[in-house]
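Notes to accompany the following structure.
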Amino acid sequence: MENILITLAKTNTINFLLMAAILYWIIKKMNISSSLKKGVDNVIDTIKNSEQEKKNSQNLVDCAAATMSKLPEQINEIEKFNEQKTEAFKKQLEETSNKTIENIKQNVEKVVAIEEKKISNHITSETVADSIEASKNNIIQMLKDKPNLKYKFIDKSLEELDRIQL
């Protein structure tokens, strides 16, 4: 048995067993297994969270792709809507402009007609005044040239006054 112990001492088997026993005792004392288990659990949780985030990101990418695929159609709809609104606005603007132009024409025609009447009345009144003045001057001249016409004129005027009073 002594030979076995000497052989064991020379082969470092005892040293290895002692070292394993001390290492086992240190691991138990420091509770490394639970720390390792917590680290592994953290890594597993992190992997699960990463997979969930990957799924969420993929869902967002899919939604964005779906939205992007609909975008040309939506752009076309917006363009059609804008064209319709533009045409309606253009038509309304033309109608309004035409009505405004027609109103302006009518107002100009009215103003021209009023001004024509004013000018006609002014010319008529000037003509009447000139005619009265000319008639007056003619009557005065005739009365100067023929004094006996005065009596005839007075007689006719009296007859007219008598006839008006009836």
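Only one of the listed residues (Thr100, Thr127, Thr86) is surrounded by 10 or more Cβ atoms within 10 Å (Cβ to Cβ) and over 44 Å from the mean Cα position of the chain (by Cα). That residue is Thr127. Would you check if there is a residue in region 21-28 being of a type in the set (A, V, I, L, M, F, W, C) and at pLDDT 85 or above? There is at least one residue in region 21-28 that is of a type in the set (A, V, I, L, M, F, W, C) and at pLDDT 85 or above.
The values are calculated or read from the model by the stated rules, or taken from the named source; none is laboratory data. The structure displayed is predicted, hence computed values, not measured ones. Because the Cβ atoms are built from the backbone with ideal geometry, glycine has one as well, and the counts that use them run over all protein chains shown.
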